[in-house]
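The next block holds one structure in the form of C-alpha cells; read it before the comments.
The values are calculated or read from the model by the stated rules, or taken from the named source; none is laboratory data. Model, not experiment: these values are computed from the prediction. We place every Cβ from the backbone using ideal geometry, glycine too, and count neighbours over all the protein chains shown. Please note that ligands, DNA and RNA were not included when accessible areas were found on the heavy atoms of the full protein model with its side chains. Shrake-Rupley method; radii C 1.70, N 1.55, O 1.52, S 1.80 Å.
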Amino acid sequence: MSNIAILAGDGIGPEVMAQAEKVLKTVADKYSFPLNFHHYDVGGCAIDNHGTALPESTIKGCEQADAILFGSVGGPKWANLPPTEQPERASLLGLRGHFGLFCNMRPAQLQSAMSHLSPLRADISGQGFDILVMRELTGGIYFGEPKGRQNQGTPDETGFDTMVYSRKEITRIAKLAFEAAQKRNNKVISVDKANVLASSQLWREVVNEVAKDYPDVELEHMYVDNAAMQLVRYPDQFDVMLCSNLFGDILSDICAMITGSMGLLPSASLNEQGFGMYEPAGGTAPDIAGKGIANPIAQILSAALLLRYSLNQNQAATAIEQAVAKTLADQVFTRDLLTQETASQAKSTSEMGDYICNIIKDL
C-alpha cells in the first residue's frame with residue numbers, strides 16, 4: 001500500500017487536485033496497486049486554519065507518505081504578509097529544505113495537437129519537442145554566502161550574491177540527469193557559463209567525469225545564452241537539459257512559454273532517496289478559482305510523474321500520459337486552450353478529468 005500526501009493548496013488547487021485523485025484512483029484500479037490518500041493543509045489555507053503556511057501536522061503527514069502531490073499556493077489575500085511568511089516561499093522552501101529536494105524536473109512537451117498555441121513560428125512548433133529540464137534546486141546563487149547589501153544610502157551602496165557549487169552538489173544532479181536521459185533519448189545538454197564563471201568551470205569538469213559512467217548517453221555542453229537562443233530556434237535538439245539553479249529557473253520558464261500553456265506542465269522535486277514532491281508549474285489563478293473551468297492537466301501529469309519516479313509504476317504513468325495526449329488530440333480542451341471564437345466548446349475541469357479517466361479504462 002502506497003501512501004500519498006495530498007496538499008491541494010489554494011485557488012484552483014483543490015479543483016484540479018480532485019481530478020488528479022480521480023485519475024490516480026482509475027489507474028490504481030486498472031493496474032491493481034493500492035493507493036491511500038491523506039489530505040493536509042498547506043499555503044494560504046494553512047495560514048487561515050493553523051497560523052502558518054506549513055504546519056507541523058502537514059510535515060509529519062508528509063514524512064509518513066511515499067510521495068507528496070502538491071497543488072498551487074498563494075493569492076492576493078496573503079500578499080501583504082512578510083515575504084518569509086507568504087504561502088509560496090514558506091511552504092515550498094520549507095518542504096524542499098526539510099526533505100532535501102535538490103532536483104527539480106520540469107518536462108516541457110509540445111504535442112502536434114497543441115502546436116497552434118506556441119508563440120514559435122509554425123514551421124518550428126510543427127516539429128514538436130519533448131524537453132526535460134533538470135534543475136539543481138538547493139545550491140547556487142540563491143543560497144550561496146555571503147550575500148547582502150552594504151554602504152546603504154551612499155553612492156557606494158552595493159548588493160552582492162555568491163554563486164557557489166560543490167563537487168558533491170554537481171555530481172548528484174548530474175547523475176540524475178544521465179539516468180533520466182537513459183529513460184528517454186540518451187542525450188544530455190549541460191548548460192553553463194564556463195567561459196566566464198569559475199563555478200561553471202567546475203560544473204563542466206564534474207559533468208564530464210560523471211558522463212564516463214554513462215557511455216550510452218551523448219553529452220553536449222552549451223553556454224546558457226546560446227541555450228536560450230536555441231530553445232526558440234530549434235527546440236527539438238534538446239532531450240535532457242542539465243542546469244544550475246539560476247540557469248534552470250530561467251530556461252524552464254522559456255520551455256514553458258514555447259509550449260503555449262502553463263496549464264499543461266507538471267514538475268517534480270526529488271531527493272537522493274527518490275522521495276518526491278510533484279506539482280503543476282502554474283499558479284493558483286484566483287481569478288477563475290471556484291468556477292470549475294481550470295485546466296487540470298498539469299496536476300494530472302504531475303500525478304503521472306509521481307507514479308513513475310516515486311512509486312515505480314511506469315505502466316500506469318504511461319497510461320495517464322497517453323490518455324492526456326489522446327484527450328488533446330481529440331480536441332477536448334478547457335477554456336484556456338481555446339480562442340474567443342471557439343470558447344463555447346470548452347469543457348469543465350471535471351469533464352476533462354472524466355474524459356481522461358474513460359480513455360484510461362479503455363486502454
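Couple of notes before you dig in:
- Selected residue (criterion: farthest from residue 289 (Cα to Cα)) from residues of segment 50-73 that are among the aliphatic types (A, V, I, L, M) and touching a residue at least 40 places away in the same chain (Cβ under 8 Å): 65
- For segment 203-256, the set of residues classified as β-branched (Val, Ile, Thr), farther than 27 Å from residue 161 by Cα and under 23 Å from the mean Cα position of the chain (by Cα) consists of 232, 240, listed by residue number.
- Of all residues in segment 89-109, those being open to solvent by 10 Å² or more (accessible area, probe 1.4 Å) and hydrophobic (A, V, I, L, M, F, W, C) number 4.
- Search result, residues across segment 208-217 that are crowded, with 18+ Cβ neighbours inside 10 Å and not in a helix (DSSP H, G or I): 214, 217
- Residue list for segment 331-363, restricted to those being closer than 21 Å to residue 111 by Cα, among the charged types (D, E, K, R) and either open to solvent by less than 50 Å² (accessible area, probe 1.4 Å) or modelled with pLDDT under 95 (or both): 335, 336
- Qualifying residue in segment 251-267 (condition: more than 24 Å from residue 337 (Cα to Cα) and crowded, with 18+ Cβ neighbours inside 10 Å): no
- For segment 189-207, filtering for residues that are among the aliphatic types (A, V, I, L, M), part of a helix (DSSP H, G or I) and more than 18 Å from residue 135 (Cβ to Cβ) leaves 1.
- Taking each residue of segment 218-235 that is open to solvent by 30 Å² or more (accessible area, probe 1.4 Å) and looking for partners that are hydroxyl-bearing (Ser, Thr, Tyr) and modelled with pLDDT of 95 or more with beta-carbon atoms closer than 8 Å, six or more apart or interchain, yields 219/190; 220/190; 221/190.
- Cβ pairs under 6 Å, 6+ apart, first in segment 341-353 and in contact (Cβ under 8 Å) with a residue 60 or more places away in the chain, second assigned to a helix (DSSP H, G or I): 349/15; 353/19; 353/22
- Failed criterion for residue 141 (all others in (1) farther than 21 Å from residue 209 by Cβ; (2) among the aliphatic types (A, V, I, L, M); (3) in contact with a Cys (Cβ under 7 Å, 6 or more places away or on another chain) hold): (3)
- Among the residues of segment 299-320, those identified as farther than 15 Å from residue 7 by Cα and either open to solvent by less than 20 Å² (accessible area, probe 1.4 Å) or in contact with a Cys (Cβ under 8 Å, 6 or more places away or on another chain) (or both) are 304, 305, 307, 316, 317, 319, 320.
- Total residues in segment 61-88, condition open to solvent by 20 Å² or more (accessible area, probe 1.4 Å), closer than 25 Å to residue 313 by Cβ and of a type outside the set (Asp, Glu): 1
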